[in-house]
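In what follows, a single structure is set out as structure tokens and then discussed.
The values are calculated or read from the model by the stated rules, or taken from the named source; none is laboratory data. Just so it is clear, the model here is predicted, and its values are computed rather than measured. Ideal geometry is used to build each Cβ from the backbone, glycine not excepted, and the neighbour counts take in all protein chains shown.
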Amino acid sequence: MSEPFIRGVLPALVTPFRNGAVDEDAFVSLVERQIAGGVHGLVPVGTTGETATLSHDEHRRVVELCVATARGRVPVVAGAGSNSTSEAIELVRHAKSVGADAALVVTPYYNRPSQEGLYAHYRAINDAVQLPVLVYNVPARTSVDISNETLARLAKLPNIIGIKDATGDIARASLQRLECGEDWVMLSGNDDSALGYMAHGGHGCISVTCNVAPDLCAQFYNDALSGQWAASLQGQDRLIRLHKALFTDASPSPTKFALAHLGLCAEDARLPIVACSEASRAEVLAGLREAGLI
């Protein structure tokens, strides 16, 4: 088995705003900071990128900007999910057309398809576009949970290559690895439990914390991937308070507060996300101090 080309830590990039519009200069600077910090890939316009409140033109522009800024230095996995299969196909097609290396496609939300409907959704994307696709399973947001059995069926399709697993069910990872095969790419969607996920055979994480601390996150995943578990545990202890703090209010408002505190972009989010609470700010500042970032 060869090493997967998507592995390690990939930031779920925030989309910075200024005066209600995407702040393209700040976004480019954030991407450059991530690459300089040693991340293994980039994920624009996912949940943390506030894709739900971006227009289609904004969504496409952010993907284009990420690919153009990365210039092939690390893989770009473009968010391309929708609860409409035809719309998801169009977003994956766009990602391919501008040079993204893969797409991240969330399970359809709100309409709550059956397992057969989920299989048919991803099968249609697989058949329509020749681009690697990661399934994004986040039942807390979508109200649907794709089973390991359905994933094992999808793993047989040439373009469905792996998963971002935000279920928090670490034991599921071992079972999924056995059912989906050695070539199945397994990325955690939860920073706080990613150490356990890696120990169960995961290949990395699509990370929120990485927005704030790319170098520390990159080192953590390098240690985990090389089996340096004692060093990984030290990294976990350094970052755990920040991991938790970034979800003390509606994401990504705590992350944008942290980035603003570090002088990297404005704190602005797009409604219905509002600025995080004073209690959340205090937790974020404590997490930043514990990580040695301030």
query = If we scan segment 51-71, do we find a residue that is in a loop (DSSP other than H, G, I, E, B), in contact with a strand residue (DSSP E or B) (Cβ under 6 Å, 6 or more places away or on another chain) and either within 17 Å of V92 (Cβ to Cβ) or among the aliphatic types (A, V, I, L, M) (or both)?
reply = no
ask   = Within segment 14-39, can you find the residues that are of a type in the set (D, E, K, R) and outside any strand (DSSP E or B)?
value = D23, E24, D25, E32, R33
Whichever residue in segment 100-116 is exposed (fewer than 15 other Cβ atoms within 10 Å of the Cβ) and not polar (S, T, N, Q) and, among such residues, is nearest to I160 (Cα to Cα) = E116
message = Can you say whether S97 is buried (at least 18 other Cβ atoms within 10 Å of the Cβ), at pLDDT 95 or above and not acidic (D, E), as far as the supplied structure shows?
response = no
query = Quick one: would you say R61 is surrounded by 14 or more Cβ atoms within 10 Å (Cβ to Cβ), more than 22 Å from D165 (Cα to Cα) and modelled with pLDDT of 95 or more?
reply = yes
remark   = Of A250, A218, the only residue that is buried (at least 17 other Cβ atoms within 10 Å of the Cβ), in contact with a Cys (Cβ under 8 Å, 6 or more places away or on another chain) and hydrophobic (A, V, I, L, M, F, W, C) is A218
note = The lone condition P44 fails out of (1) within 13 Å of C265 (Cα to Cα); (2) surrounded by 17 or more Cβ atoms within 10 Å (Cβ to Cβ); (3) not hydroxyl-bearing (S, T, Y) is (1)
message = Test of understanding: among G99, G41, G46, G79, which residue is touching an Asp or Glu at 6+ places or on another chain (Cβ under 9 Å) and under 28 Å from F257 (Cβ atoms)?
response = G41
query = Could you say which residue among L225, L187, L175 is on the phi < 0 side of the Ramachandran plot, of a type in the set (A, V, I, L, M, F, W, C), in contact with a strand residue (DSSP E or B) (Cβ under 9 Å, 6 or more places away or on another chain) and surrounded by fewer than 19 Cβ atoms within 10 Å (Cβ to Cβ)?
reply = L225
inquiry  = So in segment 64-80, with the set limited to residues that are of a type outside the set (A, V, I, L, M) and under 21 Å from F17 (Cβ atoms), which one is surrounded by the fewest Cβ atoms within 10 Å (Cβ to Cβ)?
reply    = E64
task = Sort out which residues of segment 237-278 are among the β-branched types (V, I, T), farther than 19 Å from S207 by Cα and either touching a helix residue (DSSP H, G or I) at 6+ places or on another chain (Cβ under 6 Å) or in a helix (DSSP H, G or I) (or both), and write them in order of number.
result = I273
note = Flagged in segment 85-115 as free of Cβ contacts under 8 Å to residues at least 24 places away in the same chain and over 30 Å from V39 (Cα atoms), in numbering order, are S86, S114
